[in-house]
Every structure is written in C-alpha cells, then in structure tokens.
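Working notes, beginning with the structure itself.
The values are calculated or read from the model by the stated rules, or taken from the named source; none is laboratory data. This one's a predicted model, so the numbers in the text were calculated from it and none came from an experiment. Note that we place each Cβ from the backbone using ideal geometry, even for glycine, and neighbour counts take in every protein chain shown.
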Amino acid sequence: MGDPHPTPPATAATSPKLRADALTRSFGRGAKALPALGPLDLSVAPGEFTCVVGPSGCGKSTLLRIAAGLLRPSSGELSIRTAASRPAAMIFQDYGIYDWKTVLANVRFGLDIQRVPRKEADARARDWLARMGLSDFAGAYPAALSGGMRQRVAIARALAVEPEILLMDEPFAALDAQLRTILQDELLDLTQTTRTTTLFITHSLEEAIVLGDRVLVMSARPGRIIAERRPPFGRPRTGTVRSAPEFTTLKSELWELLRGEVHREAVPA
C-alpha cells in the first residue's frame, strides 16, 4: 500500500527543503476540539514537485496554510530549510488577486512588499507577464480577464518573487476541463524550467499524475499520509503522458487507495 512515512527521492543529496514531523492541527478547544490534521510526517526534496490528494475535509489545505505560516500547528513541527525571510509563495483556488490593481501592479505586488526598486520590479513583473502570455493586459484590471487569465496572473505574481517553495491550493479547481488541461501543461513547463520546490494540493488524480514527481495520498480527517506513488514518467515531461497506458493504470491504483477514505469521510462511523 506504500510507505505511510514517505522519504525524499533517493537521488536527493541534500536535506529536505520542507519537513513535517508529527504535525497536527485541531480547531476549537477542550472537549469540543475537532482534529483536522495528523499526526503527519512529510518531507519534500529541493526542486521536487509533490502533489497531495485526499478526500474533502481531510486537512490538505490546512497543511498548506501551516507551510505558508498562515496557521500554527497544534503540535509537532513544520520546518523549511532556507536563508530567506519569505521563502514561500502561495496560490489559492480563488486567484487571490486584487480587483483595484492593474494586472502589472498585481504581479508586482510581492516585489513591492520586498521593497524591490520600482524599475527592477516592473521589469521582473513584465517578464513574467510575457511568459504567461499576458503582456497585452498589463494595464487592464482583473474584471476584464477570464478565469484562466486571472489564474495566470496569480501564478506570475507568485513566481515573480522567485520563491524557494511554491504552495498551490487547488489552483485550477474552478476552471472548466479544457482550460484546466491547458494551465496544467503551462505549469508543467514552467516548473520544469524553474525547478521550484512545489507542494500542490488537488482533488484531481489526473492533475497529480501529470504534474507530480510524487503523489501522496491522505486519509479521511484527521488527515495522515497513507501512501505515496511516483508517476513512471521522466523529466522533461509533457501532457502527452495522459494517453500512456501507465497513466491509466496509476490513476486506477490511486483511486483504489482513495475509495475507502472518501467513503469514510462521506459516511462517518
């Protein structure tokens, strides 16, 4: 069924970039406290793209928010190996961009917070807009953009600050199937170029297999890691792996691992 305590890839010669040890999180206090996560152990190697799948409500987003510093764990520890004061950037399902700022200003926002000189910040923001195919929309406001374009702005904003770790919380869940596939392929190309360490939360097994170096399977709440699988596709990788027989086999295997957990969450004992 896979190792419930996944380890970094054998090829990783350095310490994990992100590590969680006996991590837990509960909401509420005393007898009414609701366990949401853990105990959970996790390590992510530098440059690794790790996808996490699990039933709704299992604590996937809670894990990501602890990694981003937005939540404190109830017990255990999550550490990030870095010398930077702000090593991580997060991308949310609902884009998280500001309606009153132009596209350029949204992408530049993290650089402004870091007090990067305006000329340099503009240049870096425009470079990422070009990479995302949004140069013509630099002066536009988010209301004029499609959902896919807004998510491209969110990705550009996150990567413009050159984060050591990219945290992505179901960033394509609200998009239609065709656009989701396009953005998956774009993200695949980008992350293979930048080799940014990425922790990616998703409900989609297809998405996890296309994007991930590893796929971690979480239990029903309180979420623990119950298995890991490594898609049998090398790097660089393209979206054509979706048509490979190994893709279908792994998807079926992951669903069998998840089926009981999804049922347990839907019909609690």
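If I filter the range 114-123 for residues that are among the charged types (D, E, K, R), crowded, with 18+ Cβ neighbours inside 10 Å and within 21 Å of residue 141 (Cα to Cα), do I get at least one hit? No: zero hits. Being buried (at least 19 other Cβ atoms within 10 Å of the Cβ), touching a Gly at 6+ places or on another chain (Cβ under 6 Å) and assigned by TED's automatic domain parsing to the domain that holds residue 60 is true for just one of 258, 188, 175. Which residue is that? From the options 258, 188, 175, the qualifying one is 175.
Considering only residues that are more than 16 Å from residue 50 (Cβ to Cβ) and part of a loop (DSSP other than H, G, I, E, B), which ones fall in the range 204-231?
219, 220, 221, 222
If you go through the range 13-34 and pick out every residue that is buried (at least 20 other Cβ atoms within 10 Å of the Cβ) and either not assigned by TED's automatic domain parsing to the domain that holds residue 202 or not in a strand (DSSP E or B) (or both), you end up with 1. Screening the range 35-55 for residues that are small (Gly, Ala, Ser), touching a Pro at 6+ places or on another chain (Cβ under 7 Å) and more than 22 Å from residue 82 (Cβ to Cβ) and picking the one that is surrounded by the most Cβ atoms within 10 Å (Cβ to Cβ) gives 38.
The residues in the range 58-113 that are surrounded by 15 or more Cβ atoms within 10 Å (Cβ to Cβ) and under 23 Å from residue 18 (Cβ atoms) can be counted, and the count is 28.
If I filter the range 35-56 for residues that are outside any loop (DSSP other than H, G, I, E, B), within 26 Å of residue 159 (Cα to Cα), among the charged types (D, E, K, R) and not assigned by TED's automatic domain parsing to the domain that holds residue 115, do I get at least one hit?
Scanning the range 35-56, I find no residue that is outside any loop (DSSP other than H, G, I, E, B), within 26 Å of residue 159 (Cα to Cα), among the charged types (D, E, K, R) and not assigned by TED's automatic domain parsing to the domain that holds residue 115, so the answer is no.
Specify the residue that is farthest from residue 196 (Cα to Cα); the eligible residues are those in the range 131-149 that are at pLDDT below 90 and assigned to a helix (DSSP H, G or I). Among them, the one singled out is 147.
Taken over the range 1-31, the criterion of being within 18 Å of residue 45 (Cα to Cα), hydrophobic (A, V, I, L, M, F, W, C) and modelled with pLDDT under 50 is satisfied by 10, 12, 13. Annotation note: Cβ proximity below 8 Å between a residue of the range 200-215 that is touching a residue at least 40 places away in the same chain (Cβ under 8 Å) and more than 18 Å from residue 238 (Cβ to Cβ) and a residue that is surrounded by fewer than 23 Cβ atoms within 10 Å (Cβ to Cβ) and small (Gly, Ala, Ser) (sequence gap 6+ or interchain) occurs for 201/61; 202/173; 203/56; 203/173. Residue pairs whose Cβ atoms lie under 6 Å apart, separated by 6 or more positions or on different chains, with the first residue in the range 68-87 and within 20 Å of residue 48 (Cα to Cα) and the second among the β-branched types (Val, Ile, Thr), are 78/66; 87/80; 87/165. Only one of the listed residues (34, 64) is hydrophobic (A, V, I, L, M, F, W, C), in contact with a strand residue (DSSP E or B) (Cβ under 6 Å, 6 or more places away or on another chain) and without any contact (Cβ under 8 Å) to a residue 12 or more places away in the chain. That residue is 34.
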